[in-house]
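**Q** Please see the structure below; I have some questions.
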Amino acid sequence: MDSQVKKGLLEFYILSKLSREESYGYQMIKDLADLVEISESTLYPILRRLEGGGDVDTYSREYNSRIRRYYRITQKGRERLAEFNREQWKLRKILRYIEGKEEG
Amino acid sequence: MRKEEFLKDLGRSLGKLKREERRRQLEYFDELLKDMAEGGMSEEEAVEKLGQPRDLAGSILEQMPKESFRKMDVRGVILCCASLVCVTATLIFIKLSHGISFYVGGGDGPTSVFVAGRVGRPAVLYVVTALALGATAVHYVRKGKRGGRY
């Protein structure tokens, strides 16, 4: 898939994933691998951007006598995700147009 | 490549980022490598999978938001320059007031001019120098604290 499109969608994929359960770096990469090819260098900036924008926050928890950073969605993130889903029809319309099946 | 070596190289390649940003990133990859190792990979395999530190850093830097990068510390540079000028001026004045003679080249040999008595105590200069040094020190101490706290 086109890397720019993928990057944009990944943000919402991660928000959606975190809205179901909190997660950590490696887990997210593994889960994503089933759906879309993602490299380790792609996920980090997205997580950092989501955190910077206040859509996601993090906390550290001890695991196996080391620290692991967990990510969870914030209220703001949930609202952003809901808005994206409300407007999915717009995205579908664009996709149909690109496909050549709908007039602009 | 060993994990430590990998992280060191990665850190070096992320020099353009703010200190805290870089620390967070290294922490993230350290955690990731540990998780990969626990998932059954050897340390070398895990490191291998992440690729060359410089390439990894390159593609990360491309995607990091602008705020993650270091800003040029204009105030620090100005303060350092001011301090340098003041200290140099003070040193010159101290030397002069301790009676340094300098020579003026003339027709019949060097003429010694003794200037000790002519240079008074430049108290104002000392105060300004002390202020400049103080302000510079305060600036860097505060900057250091900010970097640590984030």
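The values are calculated or read from the model by the stated rules, or taken from the named source; none is laboratory data. These figures come from a predicted structure and were not determined experimentally. So basically every Cβ, Gly included, is an ideal-geometry build from the backbone, and we count neighbours across all protein chains shown. Each accessible area value is taken on the protein alone, full model and side chains, heavy atoms only, with ligands, DNA and RNA left out. Shrake-Rupley method; radii C 1.70, N 1.55, O 1.52, S 1.80 Å.
**Q** In the set B:Q52, B:Q25, B:Q63, which member is under 22 Å from A:L47 (Cα atoms), polar (S, T, N, Q) and open to solvent by 60 Å² or more (accessible area, probe 1.4 Å)?
**A** Going through B:Q52, B:Q25, B:Q63 in turn, the sole match is B:Q52.
**Q** Look through segment B:33-68, keep the residues that are within 17 Å of A:I67 (Cα to Cα) and free of Cβ contacts under 8 Å to residues at least 12 places away in the same chain, and return whichever of them is nearest to the other protein chains (Cβ to nearest Cβ). If you could, list the steps in order and put the result at the bottom.
**A** The initial filter retains those residues of segment B:33-68 that are within 17 Å of A:I67 (Cα to Cα), namely B:33-39.
Cutting the leftovers down to free of Cβ contacts under 8 Å to residues at least 12 places away in the same chain gives us B:34-35, B:37-39.
Values: B:K34: 6, B:D35: 4, B:A37: 10, B:E38: 7, B:G39: 7 Å.
Ranking the qualifying residues of segment B:33-68, first place goes to B:D35.
**Q** Now, a different point. Which condition does A:T74 not pass, out of (1) in contact with an Asp or Glu (Cβ under 6 Å, 6 or more places away or on another chain); (2) within 14 Å of chain B (Cβ to nearest Cβ), if it passes all the others?
**A** (2)
**Q** May I ask you to say which residue of B:G15, B:G11, B:G76, B:G40 is closer than 24 Å to B:G144 by Cα and assigned to a loop (DSSP other than H, G, I, E, B)?
**A** Values: B:G11 fails: assigned to a loop (DSSP other than H, G, I, E, B); B:G76 fails: assigned to a loop (DSSP other than H, G, I, E, B); B:G40 fails: closer than 24 Å to B:G144 by Cα.
Of B:G15, B:G11, B:G76, B:G40, the one residue that is closer than 24 Å to B:G144 by Cα and assigned to a loop (DSSP other than H, G, I, E, B) is B:G15.
**Q** B:P110 is checked against (1) surrounded by 11 or more Cβ atoms within 10 Å (Cβ to Cβ); (2) modelled with pLDDT of 55 or more and fails just one. What number does that condition carry?
**A** In the conditions (1) surrounded by 11 or more Cβ atoms within 10 Å (Cβ to Cβ); (2) modelled with pLDDT of 55 or more, B:P110 misses (2) alone.
**Q** Quick one: which helices (runs of 4 or more DSSP H) sit completely within segment A:1-85 and have at least 1 residues that are in contact with a strand residue (DSSP E or B) (Cβ under 6 Å, 6 or more places away or on another chain), open to solvent by less than 50 Å² (accessible area, probe 1.4 Å) and in contact (Cβ under 8 Å) with a residue 12 or more places away in the chain?
**A** It comes to A:3-20, A:40-52.
**Q** Select, from B:F93, B:F102, the only residue that is of a type in the set (F, W, Y), at pLDDT below 80, farther than 22 Å from B:K143 by Cα and open to solvent by 50 Å² or more (accessible area, probe 1.4 Å).
**A** Sole residue among the options that is of a type in the set (F, W, Y), at pLDDT below 80, farther than 22 Å from B:K143 by Cα and open to solvent by 50 Å² or more (accessible area, probe 1.4 Å): B:F102.
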